[in-house]
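See below for the structure under consideration.
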Amino acid sequence: MKLTLRVWRQRAADADGAMSTYEVDGISADMSFLEMLDTLNEELILKGEDPVAFDHDCREGICGACSLVINGDAHGPERTTTCQLHMRSFADGDTIDVEPWRASAFPVVKDLVVDRSAFDRIIQAGGYVTAPTGAAPEAHATAVPKPDADFAFEHAECIGCGACVAACPNGAAMLFTSAKVNHLNVLPQGAPERETRVLDMVAQMDEEGFGGCTLAGECATACPKGIPLVSITGMNKEWLRATRKASRR
Amino acid sequence: MARTVWDSSVGKKTVMAVSGLIMLLYLVVHMIGNLKIFFGPGEFNHYAHWLRTVGEPFMHYEWTLWLIRVALVVAVFAHATSAYQLSRRDIRARPNKYVHKKARASYATRTMRWGGIILALFIVWHILDLTTGTVHSGGFQEGHPYQNVVDTFSTWYGNVIYIVAMLALGLHIRHGFWSAAQTLGVGSRNRDRALKTVANALALLLTAGFLAVPVGVMTGLVS
């Protein structure tokens, strides 16, 4: 396959960026999108040019490191991560636009790499369970009803890639935050911090400069892990419950 | 608690949801009241007078009406202020647009902000036209709402302003009602279809109900 790439190039965080056009040839339909970018970078290095910087790690679709807005879609046209997107999803001769996640809370570090530590700080605000560490407890010591376990697991699938923020017209992190809140709040292990978790995580989310939810639904459409939009409804419910409880104290 | 709610983006959305639902409830009552115009000037004018005497003798003349007016002003103000502040936050959160543009979300969702501005301007015109009579076409007659309504919808601009506003209202309710349910945490996977159906039904019913009046005047059914 022969492709024309238009890639966002930006030297540094404070530098101006622009789309640069590159031609790549000899691309196999079985290559992943990142392998295609590797091919481009090999050529750029051989020519003595600066390779395109992009985030990647496991390349198995489970770590949440890869990003990229491809032709206006977070993680491209398929509902998966960019590393699991294959070139067979494109046609020979296509022009592909590659841009970084766009949100003021995710500043561009270089080219296609953005700083997602805002997500880490949201997790630090309450995305954990305070439990005594040590040997793993007996699995049946705490009973969890099956529907609750399924609900928690569905939300635990979130890999924190930030596609929800990238797709949201308001740059909101509601889907990410709600996945974490719902995951822990439904479980007995998460119960002691149920109220503080949602209040602190939402407060941190606002603090980081993410936008608000207008229920456009773009986040859930872009999510490679299929976190549903109704997750946000669940978090709103938890937030209202926690606010009411906190006011009674 | 008020501080927590107002300082949070989720809290401000709650304010929007609650104030929106208050206005929606009022609109249903308002729309039903409007339809009395089809039963002649006697019934319509009598209904308008009754609105001023509701609650008597416990309430004095027009007390109930003013109570509702105050509640509505508070709701409109709370709705608009939170919408403005949330929109500012949203725009700040996404300062750089994507080069590759895509049509996103439904029409109703994308037009919430402009639709809201159109509705706010409409409310101002509507009050100046039919409550105070300041910008009314022809002679505004206090206590004769039937004639005043006929006057307004006998002008082309009166019809245009009203019809545009009512279409904006329908779109606003279509996304707004369903969104309010999500914000208040009453939505769920099982209830989603029902909530969307109710939102669409309310939007359609209110738009059609309100539009019946100018259409009635234009077709000569009401004169």
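What follows draws every value from the coordinates through simple rules; no lab data is involved. If you're wondering where the values come from, they're calculated on a predicted model, not measured in any experiment. Here the Cβ is made from the backbone with ideal geometry for all residues, glycine too, and neighbour counts use every protein chain on show.
Tabulated data for the structure shown
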read-out	value
Three semi-axes of the equivalent ellipsoid, segment A:15-73, Cα gyration tensor, whole Å, largest first	20, 16, 12
Residue range of chain B that is longest and free of trypsin sites (Lys or Arg not before Pro) which are both DSSP loop and sparsely packed (at most 13 other C-beta within 10 Å)	B:1-96
Size of charge dipole - the protein assembly as shown - debye, nearest 20, with Cβ of Lys, Arg +1 and Asp, Glu -1, no other charges	1600
Nitroxide proxy distance, nm - points 7 Å out along Cα→Cβ at B:H46 and B:V135	3.4
Square roots of 5 times each gyration tensor eigenvalue, C-alpha, segment B:1-160, largest first, Å	36, 22, 13
Residue-averaged beta-carbon neighbours from other chains (10 angstrom radius) around A:200-212	4
DSSP loop GluC sites (Glu not before Pro) with at most 15 other Cβ within 10 Å: longest gap in chain A	A:158-249
On Cα atoms only, tilt of B:156-183 relative to the major axis of chain B in degrees	40
Full-stretch length increase - B:E142, B:K97 - with 0.36 nm per residue and alpha-carbon distance subtracted	11.0 nm
GNM result for chain A, Cα springs below 10 Å: residue of A:D50, A:D73, A:D111 fluctuating most strongly	A:D50
Alpha-carbon spread of segment A:3-109, three principal axes, descending order, Å	36, 33, 23
HN-Hα J in Hz across segment A:40-46 - Karplus 6.51, -1.76, 1.60, θ = phi - 60°, x for Gly and Pro	4, 5, 4, 4, 5, 5, 4
Whole-Hz ³J(HN,Hα) from phi, Karplus 6.51 cos²θ - 1.76 cosθ + 1.60, for segment A:109-125, glycine and proline x	8, 7, 6, 9, 8, 10, 8, 9, 5, 4, 5, 4, 5, 5, 5, 4, 6
Helix axis angle, B:192-218 relative to chain B longest principal axis, alpha carbon, degrees	30
Simple label model, 7 Å out from Cα along Cβ direction - B:M218 to A:I62, nm	6.2
0 to 90° range, to nearest 10: angle between helix A:146-156 axis and chain A longest Cα axis	40
Choice from A:A203, A:A105, A:A141 with maximal GNM fluctuation in chain A (Cα, 10 Å cutoff)	A:A141
Under Karplus coefficients 6.51, -1.76 and 1.60, residue-wise ³J(HN,Hα) of segment A:159-169 in Hz, glycine/proline x	9, x, 6, x, 4, 4, 5, 5, 7, 5, x
Pairs of alpha carbons in the protein assembly as shown whose separation is greater than 30 Å (percent)	56
Shape call, segment B:8-72: gyration tensor on alpha carbons, a/c limit 1.5	oblate
Distance histogram in 10 Å bins (all Cα pairs of chain A, percent per bin)	7, 28, 30, 19, 11, 4, 0
Largest-first ellipsoid semi-axes for segment A:37-169, taking √(5λ) over the Cα gyration tensor eigenvalues, angstrom	35, 18, 15
Two-decimal log10 I(q)/I(0) for segment A:116-248, as the Debye equation yields it once each C-alpha is a single scatterer, q = 0.09, 0.14, 0.15 Å⁻¹	-0.25, -0.61, -0.70
5 angstrom amide H check on A:V109, placed H, neighbours 5+ away	A:V114, A:D115
Amide H partners (placed H, <5 Å) of A:M31, local residues excluded	A:M87
Scaled radius of gyration (Cα, divided by 2.2 N^0.38 Å) that segment B:117-223 gives	1.30
Relative contact order for segment B:13-141, counting Cα pairs under 8 Å that sit 6 or more residues apart, in percent	21
Rough spin-label spacing in nm, given labels placed 7 Å along Cα→Cβ, for B:F77 and B:H126	1.9
Placed amide H near A:D97: partners under 5 Å, 5+ positions off or other chain	A:R6, A:N71
